[in-house]
Amino acid sequence: MARITKLDDIVSLCKRRGFIFQSSEIYGGLASCYDYGPLGVELKNNVKKAWWKSVVQTRDDVVGLDCSILMHPLVWKASGHADKFADLIAECKKCNTRTRVDHLQEKETEHADEHTEHVSIDAAQAKGYDLSNKLCPNCGVVGQFTEPMPFKLMFETQMGANVDDSMTMHLRPETAQGIFANFRNVLDTTRVKIPFGIAQIGKSFRNEVTTKAFIFRTREFEQAELEFFCEPGTDEQWYEHWKEARFNWYTDLGIKKENLHFRDHDPDELAHYAKACVDVEYKFPFGSGDWQELEGIANRTDFDLRQHQRGMRTLNKWYERKGDMTSIELSDEAEEYQKGPLSYFDDEKKQRYVPYVIEPSAGIDRSALAFLVDAYDEEEVRGETRNLLRFHHALAPVKVAVFPLVRKEGMPDIARNICNDLKKYFHCFYDEKGAVGRRYRRQDEAGTPFCVTVDGQTLEDNTVTVRDRDSMEQIRVSTGQLVNHFRDTLDM
RNA sequence: GCGGGUGUAGCUUAGUGGUAAAGCCCCAGCCUUCCAAGCUGGUUACGUGGGUUCGACUCCCAUCACCCGCUCCA
């Protein structure tokens, strides 16, 4: 069986096979950033394709979207990220460990403050947290903390080349807000009716306090997010629906069931906007903290749409202050917010309401790695170790490899023609170098499901062997039937 | 950010204050009619920058990156 037991083994495998490289490696690397190599980009694209197919294309109730990474600054004011997407951290002078201020416990009461997730930067600084009675969770010393330091979790950048009138913008920390901001557009243009969802795949950026663990927590990462809008009161059943759908997506694509589970969030662990949240976690086969989150599924209620209705009411203020975000507060919610611009009118029930949102939010990079690790296998074949990646066909970077058995008797030409034909339908790879056994094993390591070999018999009856990656068994297929054969077996 | 560790070829590892080795991989050729065979030849490395020294991959300092732990985190 696979003997990947350390993160190092995975990193090494990814590098060796051209799946994942460190970013800017020729310059010594850049912390927390990674590049996908030739096989990795195929795998990652296939993961995205499989997600899109499952969540958008095979459903009648979900449409797609692709938003810009830069958005109006008020988006992040309304969503709460501008003020709250920061952690306040204090360091114990005694033992040098850092703890989130809102996790610190009082000496006497032994109770932490109520969970606040993220704190307002301004408020926290103004308030001047009193830490003199707080207990260091590591060494137990009381009141020996540095001043709390806020960590901004959003990347800042400037829009406008002229320094004088450039505006500070943020790279999105999640793709979700672009979906909420387009809720009205989609509603007005695509004849969707609630319940329906809007899906998006794209890059997001977060200045994590610490990164590490290879590509599990990087500052630049790709998300696949669905915001599924439903009538209040039906949200719990849709939450269950998406829990099941998303879990099955992973197992349908080959993740072993014993390596996947749900982890429900405790009530005090929930974000301020969430009514319920569950993680889909994968058991990576190394080290400590083995269960790692691949996806979070949250019931975000009507929080986001209501916040953006407030944001829209703040726009005039923003213009009056010439875009100075620090000097304005988000406007209060309208009394009749249920009839606001981001509300929905149900024509059958003649009712207007702000929909609830179920959000499955998957990490594409983490998922791709889980698929890679889960597919890795070693087995003994005639005293030799065979390394292979048992990718689901839909995820395999290369679908078919085509070989001449030997470079003689016109076999290379025939094989090349076959490869050129198949290329129109599947990602193929041609190879004529060295012993055929070596070529088979090479494809095993890349996870290619099938190899086609042109041999002596091909010259007589126009059949070729098709060799299966997992079983190593071979069957003969006539060259004219190859495209149909692979369409069936690859299900493409 | 703290503590500990690591950094030599694409990968896995040797090694020395004085010309840097091996296996695998890879490439070229020969040979090969179905699972990493063999033969010949070949490419590629001391993370980066300083310092000490006649001379540094080796010693020192800094820096970058990664790993483990703490901390943090969807």
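Remarks
- For the stretch A:398-490, size of Cβ-based charge dipole, Lys and Arg +1, Asp and Glu -1, in debye: 340 debye
- Long-range amide H partners of A:Glu222 with built H, under 5 Å: A:Ser204, A:Ile364, A:Asp365
- At the residue level, A:Met71 shows approximately 30 square angstrom of accessible surface with a 1.4 angstrom probe and all protein chains present.
- Surrounding net charge for A:Ala224, when Lys and Arg each add one and Asp and Glu each subtract one, Cβ distance under 13 Å: -1
- Ranked order, A:Leu39, A:Leu372 - accessible area, probe 1.4 Å, largest first: A:Leu39, A:Leu372
- Lys/Arg +1, Asp/Glu -1 at C-beta; the stretch A:441-492 dipole; positive extreme among A:Asn484, A:Gln443, A:Thr463: A:Gln443
- Using a probe of 1.4 Å, the accessible surface attributed to A:His72 totals some 70 Å² when neighbouring protein chains are kept in position.
- Scalar couplings 3J(HN,Hα) for the stretch A:361-369, obtained by applying the Karplus form with A = 6.51, B = -1.76, C = 1.60 to θ = phi - 60°, are 10, 9, x, 5, 5, 5, 5, 4, 5 Hz; x denotes Gly and Pro.
- Whole-percent carbon and sulfur share, accessible surface of the stretch A:398-490, 1.4 Å: 45 percent
- Under 5 Å, built H, 5+ apart or other chain: amide partners of A:Val62: A:Gly197
- Under Karplus coefficients 6.51, -1.76 and 1.60, residue-wise ³J(HN,Hα) of the stretch A:479-490 in Hz, glycine/proline x: 4, x, 9, 4, 4, 5, 4, 6, 4, 5, 6, 8
- Where the stretch A:331-389 is the region considered: accessible area per residue in Å², 1.4 Å probe: 46 Å²
- Rounded if a/c under 1.5, otherwise prolate or oblate - the stretch A:192-349, Cα gyration tensor axes: oblate
- Cα gyration tensor category, rounded, prolate or oblate, for the stretch A:398-490 with a/c compared to 1.5: rounded
- The stretch A:398-490, accessible area per residue, ligands and nucleic acids excluded (1.4 Å, Å²): 48 Å²
The values are calculated or read from the model by the stated rules, or taken from the named source; none is laboratory data. On a predicted model such as this, the values are computed, not experimentally measured, just so you know. Backbone-built Cβ (ideal geometry, glycine too); neighbour counts: all protein chains shown. To get the accessible areas, we keep the full protein, side chains included, count just its heavy atoms, and leave off ligands, DNA and RNA. Shrake-Rupley method; radii C 1.70, N 1.55, O 1.52, S 1.80 Å.
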